[in-house]
Structures are given as C-alpha cells and as structure tokens.
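The values are calculated or read from the model by the stated rules, or taken from the named source; none is laboratory data. None of these values were measured; they are calculated from a predicted model. Here the Cβ positions follow ideal geometry from the backbone for every residue, glycine too, while neighbour counts run over all protein chains shown.
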Amino acid sequence: MDDRPLRGIRILDLTNVLAGPYCSYHLMLLGAEVVKVEKPGHGDLARNLGPEPGLNEAGIGASFLAQNAGKQSVELDLKVPRDRARFEELLRDSDVLLENFRAGVLARIGYGWEVLREVNPRLVYCAISGFGQTGPMSQAPAYDQIIQGLSGMMSITGTPDTVPLRVGFPVSDSIGGLVAAMSICAALAGRARTGNGVFLDVSMLEASLSAMGWAASNYLVSGVAPEPMGDQNATAAPSGTFDTADGPLNIAANRQEQFEVLCRLVGRSDLVTDERFAGREARKAHRAALNGELNAALRRRPAIEWERVLSAAGVPAARVLTVPQAVGLEQLRVRGFFTDLPFPGHPDRTLRVSGNGVLVNGAPLRPTTPPPLLGEHNDHGLTPTADEVSTR
C-alpha cells in the first residue's frame, strides 16, 4: 500500500534483540524503510535465539524472525575506517538513527549527538536503554527481567503466596519499543515544522513505570501501595477470573448495572439485594464471598456459552485462552493481523508474522519481504531516489 504514513522515511537501525527491533518493526509497518546495521559475522543476537536450534545456528532464530520482516541488513564494523565512512554515508541519507546500546557507547566510538547532528542536522536520533542516558544507574546493564523487577511490576504480579513473578513475556522491552516508536513519529512531525533533528533518550524503566498506570498513580496520589491480587482486578468486584464447567472465564462487571445483569443471567438475582454486595466498595470488601457464589453458578455451563450470553448482554466476558488458541481467533483472520512470507533459507516452509493492530484506510499494515539474512543487502545500493529525497 502506498498510503502508509511513514513512506519515504529511512531508519538506520543499530539495535539488537527486542526493544529496538520491535520499535523499528512498527516503523516499518507504518511505511518506513529500515536498514539494520549489524556486526559482521555475528549480527543481531536474536538471530541465535529461539526454540529451534537449527534456525539459531543458521542465524535466523525465531526470536529474530518475529520482528525483522521487511527490513534490510548491512554488515558494518564501526571500528573500521572504511565501514565508518559507509556508516556516515548512510547517516546523511537517513531520517532516524536508532540504537539500544548501554548509555554512552555510541559516543565513545565517536558518534555522540554533536557529531551525528553535524553529519545530518535533520537526523532524529533515538537511544533506548534500560535507565536512560543520565543518572546514577545509566551505566548498569539491563534486560527485560531486571526492569520488571526494579519497576515494581514483579511485586504485584501473582498472588501473595507466589510473588514476585515476572510477566510471562518481555513486557518492558515491548513497552520501551512502543514508547520509542511513538517518540520517533512525534519527532518526525516536529521536524516537518522546524526542519531540525532531535535527540530522544528513552528509558525502559521510566516507560514501564508510566505504563503501570493506576498501580503507580494510586500510590503517588493517595499513598496506597498496590498489592498482588492474582487474577483479580483491584478496582472492582466481581472483576477477575472465574470457574466454568470446562475452564476459566474472565468477567469484568465493573459497573453496577453490569453486576445486576450478571447476577440475573447466572440465576442469582438475590445477590443484588445482599447487603454484602450492594455497592462497589461493599463488593470489594467481600470479594471472596461474592466470587464463591458466582463460581458455583458459573460452573453449570461451559465458558464459551457464558462468553456469548454475557457479552451479548453488555457484560464484558471472555475465555482465558492459550497462545495457540489466541492466534487462531477468527477476529484476527478477518482483520488480516497475520502475514505469510517466504521463510529465509527454507523454501519448503512458510513464515507467519504479526501486524500491529492498525488498519490504514481499511487495510492492515503488512511487511512485504521476509526478515533478511545477515548482510543480505551489503552490496545493494541504498541511495535514496529523487522521490524519496523530495519526501524528506
């Protein structure tokens, strides 16, 4: 599709593993050209990560394939003069430089913000790191689990008996990547107005705390520290995971009218007039008793039946699915969330990758090429066309 909003924008991507590549994957889906600059002979560490050892050894591990479709790969060693010269050529013709080294690494090899701005005054430079480029923790190494722990996220994930638990996927990496992508888009919009580039310093710790929302703000505003509540929602009751005849069901009857409809549909209208459950705060105080009554009623029917009945009546309810069940949802197929691509180096296989949940003028955003082999575009000309130059 030619109407993707970042068409004509080039991203020079020095990132590894997840936060940075996830950021540039979203920018690619939005239409940007992404050129991965990888260490010769090694490349992105994610090339060697994933559940299939054979793919890892070939440098196309599943972790790499997941967020690098639609990109180009160029091998450059920034300690070698010839490669530095090529890097600076690419810098001059790029709109964005993205990296997720430890704070200050790029500056120490001669490419601090002042140098980058001199090479390309219109450059948007985005550095993603665990703690940001400044402050007493800026030089500390950080992976997703480190950030989850330091942010307080793990202290409220699970039950009082199981905390601390990490969220079951690298949520801080994903949040950091999304914040970086949003910031880059904002910076490009600002540059269209001012003509000037900008330096974006993204902290995964700060982005994660921001994304925790009420868990942090309730303490900041009211001095109330959050507690681990397992599958229950601290803000309302009944709101959490419940039992059915064949598996778990999430219900979020957060409003009074939803609670009343829920009680009627499960055959327990008497709960509405029970003084223990009469109002929001009363229901929260007697959560365990209320959940027990509802679980007994919900166990009479399968989860899918309750999902259909309750949703149709305006009560948010849905099964708790496994990942294989979730990716098979008809909703995702109808909206074109997944794209099938040729599998790099394996003509007998198909690679399925996800989109980003955004339709532009009714069409899903899709990659058009598979993830690149290491150095696949070393000999390709990357000089922008006249149309691209005029777009920038």
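Could you grab me the full set of residues in the stretch 88-102 that are buried (at least 21 other Cβ atoms within 10 Å of the Cβ) and not polar (S, T, N, Q)?
Of everything in the stretch 88-102, those that are buried (at least 21 other Cβ atoms within 10 Å of the Cβ) and not polar (S, T, N, Q) turn out to be D95, V96, L97, L98.
Determine whether A187 is modelled with pLDDT of 95 or more, of a type outside the set (D, E) and closer than 15 Å to K284 by Cα. Working first, answer last.
Values: modelled with pLDDT of 95 or more: yes; of a type outside the set (D, E): yes; closer than 15 Å to K284 by Cα: no.
Against the criterion (modelled with pLDDT of 95 or more, of a type outside the set (D, E) and closer than 15 Å to K284 by Cα), A187 does not qualify.
Kindly evaluate D83 against the criterion of being in a loop (DSSP other than H, G, I, E, B), over 23 Å from the mean Cα position of the chain (by Cα) and either over 23 Å from R349 (Cβ atoms) or in contact (Cβ under 8 Å) with a residue 60 or more places away in the chain (or both). Can you show your working first?
Details: in a loop (DSSP other than H, G, I, E, B): no; over 23 Å from the mean Cα position of the chain (by Cα): yes; either over 23 Å from R349 (Cβ atoms) or in contact (Cβ under 8 Å) with a residue 60 or more places away in the chain (or both): yes.
No.
Can you report the number of residues in the stretch 23-43 which are out of contact with any Gly (no Cβ under 9 Å at 6 or more places or on another chain) and within 21 Å of T339 (Cβ to Cβ)? Don't jump to the end; show me each part of the working.
Going through the stretch 23-43, the residues out of contact with any Gly (no Cβ under 9 Å at 6 or more places or on another chain) turn out to be 27, 30, 35, 37, 39.
In the following step, the residues that additionally are within 21 Å of T339 (Cβ to Cβ) were identified as 27, 30, 35.
Number of matching residues: 3.
Only residues that are in contact with a helix residue (DSSP H, G or I) (Cβ under 8 Å, 6 or more places away or on another chain) and crowded, with 16+ Cβ neighbours inside 10 Å: list them for the stretch 240-251, please.
G240, F242, D243, T244, L249, I251
What is the residue count in the stretch 169-193 for residues that are within 21 Å of S210 (Cβ to Cβ), over 11 Å from the mean Cα position of the chain (by Cα) and surrounded by fewer than 18 Cβ atoms within 10 Å (Cβ to Cβ)?
4
Give me a count of the residues in the stretch 248-268 that are outside any strand (DSSP E or B) and either under 28 Å from the mean Cα position of the chain (by Cα) or not assigned by TED's automatic domain parsing to the domain that holds A297 (or both).
Residues in the stretch 248-268 being outside any strand (DSSP E or B) and either under 28 Å from the mean Cα position of the chain (by Cα) or not assigned by TED's automatic domain parsing to the domain that holds A297 (or both): 2 in total.
Which of the residues that make up the stretch 113-162 are charged (D, E, K, R) and either crowded, with 19+ Cβ neighbours inside 10 Å or more than 18 Å from D201 (Cα to Cα) (or both)?
Residues of the stretch 113-162 charged (D, E, K, R): 114, 117-118, 122, 144, 161.
Within the stretch 113-162, E118, D144, D161 meet the criteria.
Every residue in the stretch 287-304 that is without any contact (Cβ under 8 Å) to a residue 12 or more places away in the chain and either under 35 Å from the mean Cα position of the chain (by Cα) or not in a helix (DSSP H, G or I) (or both), please.
A288
Would you confirm whether any residue within the stretch 64-73 is without any contact (Cβ under 8 Å) to a residue 24 or more places away in the chain, farther than 19 Å from R191 by Cβ and among the charged types (D, E, K, R)?
Taking the stretch 64-73 as the starting set, the residues that turn out to be without any contact (Cβ under 8 Å) to a residue 24 or more places away in the chain are none.
Within the stretch 64-73, none of the residues are without any contact (Cβ under 8 Å) to a residue 24 or more places away in the chain, farther than 19 Å from R191 by Cβ and among the charged types (D, E, K, R).
Being small (G, A, S), free of Cβ contacts under 8 Å to residues at least 40 places away in the same chain and either more than 18 Å from H26 (Cα to Cα) or touching a strand residue (DSSP E or B) at 6+ places or on another chain (Cβ under 6 Å) (or both) is true for just one of S210, S155. Which residue is that?
One residue alone meets the criteria, S210.
I'd like the full set of residues that are of a type outside the set (A, V, I, L, M, F, W, C) and modelled with pLDDT of 95 or more, limited to the stretch 197-216.
Of everything in the stretch 197-216, those that are of a type outside the set (A, V, I, L, M, F, W, C) and modelled with pLDDT of 95 or more turn out to be G197, D201, S203, E206, S208, S210.
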